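Values quoted throughout were computed directly from the atomic coordinates according to the rules given, and no laboratory measurement underlies them. Nothing here was measured: the structure is a model prediction, and the numbers come from that model. Heads up, the Cβs are rebuilt from the backbone with ideal geometry, glycines too, and the neighbour counts pull from every protein chain shown.
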Amino acid sequence: MNRKQILFYALFNAALLSCIFIFKDELAIVLFVGVVSNVFIVYRLELVHQLENQKRVSQAKQLNLQQEKNIQLKSRQIETIVSNLPFPIALMDTHGNIVLSNILFDQFVIDHNQSLSYDSKAFQQDIGSFIKHAYIKDEAQTKTFNINGIDFQALSIPVFDGGRSSGCLFMFLDITKILEGERVQKRFIADASHELRTPLSVITGMIRILNRPDFKDTETLKEFVDQIDKESLRMDNIITDLMVLSKLSSNRVILNPELVNLKQLILDVYTPLKRSILEKNNTFTLEIDEKIHLNLDRVKAHQIFTNLLTNAIKFTQDGTITISSEISAPFCIIKVIDTGIGIKEEDQKYIFERFYRTDQSRSRASGGSGLGLAIVKSFVIAHKGEIEVSSTVEKGSCFTVKLPL
């Protein structure tokens, strides 16, 4: 029974009550009670209906409030994520206005008083052109820029909502190290080719002279044989370094550790290089405690100190070279010190990078490939050790190797 039916029924009872009340008191009382009950039912139903409406309104308000809180929370989360991204990023809406960006994106803005949009003059010229072109084309694009000495790869990605374009996302990735690595590697390939071609040309030329029918100079023959041997060794060293580098690039540094006497290891390194030290009129000093034993891969540890000592010999003339050790838990600290030409301060942070050579002409003359120190660092790290350099031009260098006890 709906409210209208109940109301009609109550009015009908009221009319009936009026008629019967005149004729019979007891029946009138009964009917009166029925009328009052019906009126109360109507009132109660109306009240329940109002309460239900209020409840629905309250629930709707709470739902809207919760939805607003969720939206605000998600908005803060997105802003936090964008703000902490390690590269410049910006979001443009369907009208071409930048509505979200991080602080790194500000480096592309030259006028912070202007609003940021696709046709704004507030951006650096190249960036502004890229953003405008991306907005007009409404398709994914990529381009490389150099901004303030930093190489960026810019990406524009259209954003769609229900199949319709709703803006564009811009990301700018710092590819400076990648491009620099490519440039260094290309330069190294050219240098390595030259390094291999030079001794090969010397060997080829000498062999042709030796093969002449009229060649009978025994003294020159001995000089040529010695030179061929030296150039062959030089080529072998370059090829060996390239093979080691190939393994390092594949992350295949496998150690075969054993207990090694440090002093004996350094003596094994020194012995074949003794002649080179004397030829350059250098004095060699060894200050290693013979009681020190370390858990090392003997072959790789030998190469670490061979490369460091060879480097010291190359760049030291009429000076001193010292290898010393001391214990400072949890490391044994080994220092290779020379009084050679030293390393410029700006070169020291790159000295352990692959293919890097501080002085192209001087390194080439000494037969350096730019791989020796990179190999040293990789082997030291493989032993869970550390290596660093300190140097002063024209005074010398000190390479410090820290190996676990």
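What to note about this one:
- D (Stokes-Einstein, µm²/s), Kirkwood Cα radius, segment 253-405, 0.692 mPa s at 37 °C: 210
- Cα-based Kirkwood hydrodynamic radius, segment 60-211, one decimal, Å: 19.2
- The overall shape of segment 159-309 is oblate: from the C-alpha gyration tensor, with semi-axes ordered a ≥ b ≥ c, the ratio a/c is 1.5 or greater and a/b is no larger than b/c.
- In summary, the lysines within cross-link reach of Lys300, defined as a Cα separation below 19 angstrom excluding same-chain residues under 8 places away, comprise Lys247, Lys263, Lys335, Lys377, Lys384, Lys402.
- The residues neighbouring Thr339, those whose beta-carbon lies less than 13 Å from its own, together hold a net charge of -1 under the Lys/Arg +1, Asp/Glu -1 convention.
- Whole-angstrom gap from segment 168-184 to segment 50-75, using each part's C-alpha centre: 47
- Counting beta carbons within 10 Å around each of Met243, Met92, Met235 and listing the fewest first gives the order Met243, Met235, Met92.
- All-pairs alpha carbon distance profile, segment 178-252, 5 Å steps from 0, percent: 3, 14, 17, 18, 14, 11, 9, 6, 5, 3, 1, 0
- The alpha carbon convex hull volume per residue for segment 85-174 rounds to 86 Å³.
- Ordering Arg275, Arg234 from the fewest to the most neighbouring beta carbons within 10 Å gives Arg275, Arg234.
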